[in-house]
1. How many angstrom separate the Cα center of the range 407-468 from the Cα center of the range 23-51?
2. Roughly how big is the chain's charge dipole about its Cα centre, with Cβ charges of +1 (Lys, Arg) and -1 (Asp, Glu), in debye to the nearest 20?
3. Taking the mean number of other Cβ atoms within 10 Å as a proxy for protection, how do you rank 162-169, 21-28, 379-386 from highest to lowest?
4. On a C-alpha basis, how far is the centre of the range 289-348 from the centre of the range 211-238 in Å? Whole number, if you could?
5. Given the range 105-152, report the % of alpha carbon pairs whose separation exceeds 16 Å.
6. Using packing as a proxy for protection, rank 349-356, 180-187, 521-528 so that the peptide with the highest average count of other Cβ atoms within 10 Å comes first.
7. Over what distance in Å are the Cα centres of the range 494-544 and the range 356-395 separated?
8. Near the amide H of Ile264, under 5 Å away, which other amide H atoms are found, from residues 5 or more places off or on another chain, if H is placed in the peptide plane?
Amino acid sequence: MKFPDMPYTRPDFEETQAKMMAILEKFKKATTAEECFAAYKEYDEFGQYLHSMFAIACIRNTLDTNDEFYDNEKTYMDEVSPKLQAVTQAFTQALLETPFRKELEAEWGNLMFVNAEIQTKTFKPEIVGDMQAENKLASEYGKLIASAQIEFDGKTLTLAQIRPYYESPDEHIRKSAMEAASLWYMSHADRLDGIYDELVKLRTGIAKKLGYENFIQLGYYRMQRNCYDKNLVAKFREGVVKHIVPLANRLKAEQAKRIGKDSIKIYDDFFEYPEGNAKPIGTPDDIFTHGKKMYHELSAETAEFIDFMLENELFDVLTRPGKRAGGYCSHIPIYRAPFIFANFNGTSGDIDVLTHEAGHALAGYMSRDVYPSALRRYSMETAEVHSMAMEFFTWPWMEGFFGDQTKKYYYSHLASALIFIPYGTMVDEFQHHVYERPEMTPVERNALWLELEGKYRPYLEMDDFPFYGEGRRWQAQGHVYGMPFYYIDYCLAQIMALSFWTDNQKAPKEAWEKYMRLLGFAGTKTFVELIEDAGLPSPFVPDNLKTVADAAVAWLDKQ
C-alpha cells in the first residue's frame, strides 16, 4: 500500500490497555507450550499494529510540523506511550517468568530474553509522569528546530535549505550564511538551554527513582547495550584520540592548503575544493532514476527492495517549510514497509540519503518476516553498520550521480568518514560529562563543549563566531536532546563500514556476501557477535582503529 493511502486510527488508551491486559492473562494462564506460543503471537501481532499506528502518525507529523491534526496525535502519543509501557513491562516480566521459557528459548534463542532483562531495568510505573514530560520536551525541541525561518539571499530558508551555502566557493557567502543560521540559534538560545536543562534534570531524576547513581547506565540500557559498557566505550574514545584525531588534523590541514587558507575557520569547515564541492547532477527525479538503476544492478535483493519503496511512495526527501530537520528511516510493520525521510538540499548529502537511509530500509525490508518481532530489533550501532556500509558498497554507481566530479566525491566521502569519527566521539564524551555532573549550568556545559572541541577538533578555529564561539554547536545535534547516548553508535559503525570498504576494494563479491549475511541475522546476534562472525576488527581495541584508518588514508594518498 502507498504511504499516503495508509489509514491511521488513534489507538484508544483504555481499549488498548484492556486488550493488552487480556492477552497478558492468556499468556500467564497458559498450561501448555502451545498455548504460551499462541498467546505470545497474539500479543506480538497487536504490538505490531500499535507500532504501525504510532509510526504513521509520527512520520506525518515530521512531514509537516504545522499540521494541527498530527501535531495533536504526536502530543497524544507522548502522553500515552509511557502509560502503555507499564503494560508491556508486565508482559516482559511474564515472558521472563513463564514456566515455558525453555521451550521459547529453544525456538527463538536466548538474546530476546537478555534484551527483555535489560528492558525491565528501564521502567517502573512511578516514572510515567516523568517520561511524559521527557517526551514533551524532546518534541518541543524538534518542533522548534523545524520552525526556523532564516532570511538570506532574498529568500526565507529553513536550516536544511541554508546548508548548501556553507559550501559556496565565495567566502563571504559561506560566512554570512553560517552567521545567519547562528543568529537564529542565538535568538532561541535561552529556550534551547532551558529544554536541555530540564531534560538532564528529568532523566537524572528518573534514573535515581530506578536506583541508579546517574542517567548513564539507564541511558545505556535504553539503547539496548547488551554486549559492551561505558568502560569499553571509553576504550574506543581513547583509540579515537590516539589514532583518528591526528589523521583528521592532517586531512584538514590538506583541505586548508587546497582552498588557499592557512587554517580552517568554522565557516570553511564544509568547503573542500576551490572550484566547489562535488554536487549531484540533475533533478531529484534524475537522482531517483539512477538510484533505481543502481539498486537493480547491485543485487536481486536490492532490486526488489527499491521497486517496493518507489511503487509505494515510501520516500519523502524534498525540504519545505515546517518539515522537521534531518533524516531518518522508520518502519511500518503491518504493511511490511520501511519509510525514508530526508531533506534534499543540492549537496552530496542527497546521495548519501539514497545510500545511508536505504541501508537501514533494506535491513528492515529483509527482516520483515522474522518472527517474533523482537528478533528484528537489532541495536542501533548494528543498524548504523547496515547504513554506513551501504554508502561504500554503492560507490561503483556514483558516476551516474556526480559525472566528472566523481573522483572528488570519492575522496570527500572517505575523508569525511574519518573526520566524522572524532566529532561523533566528542558528542558522546560531552554527554557522559553532562550526566555525570547534571548540576552543570548552561555556561559550564558550553565551556565543556569548547574544551572538547580542542581535544577532538583542534584544527577548527571558532574565533568569536556567534553560536559556535560560545560552545553551543551541540544544540544543533538533535540526538543530544532526543536520543541520549545514541551518537557513539555512528562512530562504532563507521569503523565497521570502513572495514567493509577495505574488503570491497579487494574482493567485492565476497564483501557483499558477508554484508548480506550480517543483514540476515536481523536481531538474533549482538553487535560483538556480528563483528566476530564477519571477521571484522573490534572497535573496542584501540590499535584496531589505526589499522582501519591507515587503509583508508593509504587510498586517499594515491588520489
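1. Rounded to whole Å, the Cα centres lie 46 Å apart.
2. Details: 62 positive and 84 negative charges, 152 e Å.
Dipole size: approximately 740 debye.
3. Highest mean packing first, the order is 379-386, 162-169, 21-28.
4. Rounded to whole Å, the Cα centres lie 32 Å apart.
5. Considering the range 105-152, 65 percent of its Cα-Cα pairs are separated by more than 16 Å.
6. By packing density, highest mean first, the sequence is 349-356, 521-528, 180-187.
7. 13 Å
8. Glu461
The values are calculated or read from the model by the stated rules, or taken from the named source; none is laboratory data. This is a predicted model, so every value here is computed, not measured. Neighbour counts run over all protein chains shown; Cβ positions are idealised from the backbone, glycine included. Heads up: the accessible areas ignore ligands, DNA and RNA and are worked out on the full protein's heavy atoms, side chains in. Shrake-Rupley method; radii C 1.70, N 1.55, O 1.52, S 1.80 Å.
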